[in-house]
Amino acid sequence: GEQTEARIRDELERESQKHAKEIEQLRGKMADHVDKMKAQFLEKLNGERETFKKEKDEAEAKDQKREEQLAKLATQLKALSEAAKKEREEKISLQESMKVEIQKRQ
């Protein structure tokens, strides 16, 4: 009786240890799987982040270029209007000095 009980107890202990080992292995496999999934997810996320940053930088560079072109255009327009104003003033000044000359001769 006692021997049989001891044998059954040993058998149960072995089975229990075997199960514990299997559970540990499963836990390890699950952890590896989770790590692999996490790594893939992070890789994808970083890839998307880089793409987004690149697109954002390109858009900002385009905006900057557009602003620079507008500033250049504004400068050219200002110079043009100043030249036109100067020309008008010179014309008026010339007309006035011609009037003065004509009046002197009369």
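The values are calculated or read from the model by the stated rules, or taken from the named source; none is laboratory data. No experiment lies behind these values; they were computed from the predicted model shown. These area figures cover heavy atoms from the full protein model, side chains too; ligands, DNA and RNA do not enter into them. Shrake-Rupley method; radii C 1.70, N 1.55, O 1.52, S 1.80 Å.
Evaluate the following for residue 23: is it under 58 Å from the mean Cα position of the chain (by Cα) and part of a helix (DSSP H, G or I)?
Numbers: under 58 Å from the mean Cα position of the chain (by Cα): yes; part of a helix (DSSP H, G or I): yes.
Spelling it out, residue 23 is indeed under 58 Å from the mean Cα position of the chain (by Cα) and part of a helix (DSSP H, G or I).
Inspect the stretch 43-51 for any residue being open to solvent by 100 Å² or more (accessible area, probe 1.4 Å) and over 22 Å from the mean Cα position of the chain (by Cα) and give the result as yes or no.
no
Check whether at least one residue in the stretch 62-85 is among the charged types (D, E, K, R), at negative phi and open to solvent by less than 100 Å² (accessible area, probe 1.4 Å), and report yes or no.
Yes, because at least one residue in the stretch 62-85 is among the charged types (D, E, K, R), at negative phi and open to solvent by less than 100 Å² (accessible area, probe 1.4 Å).
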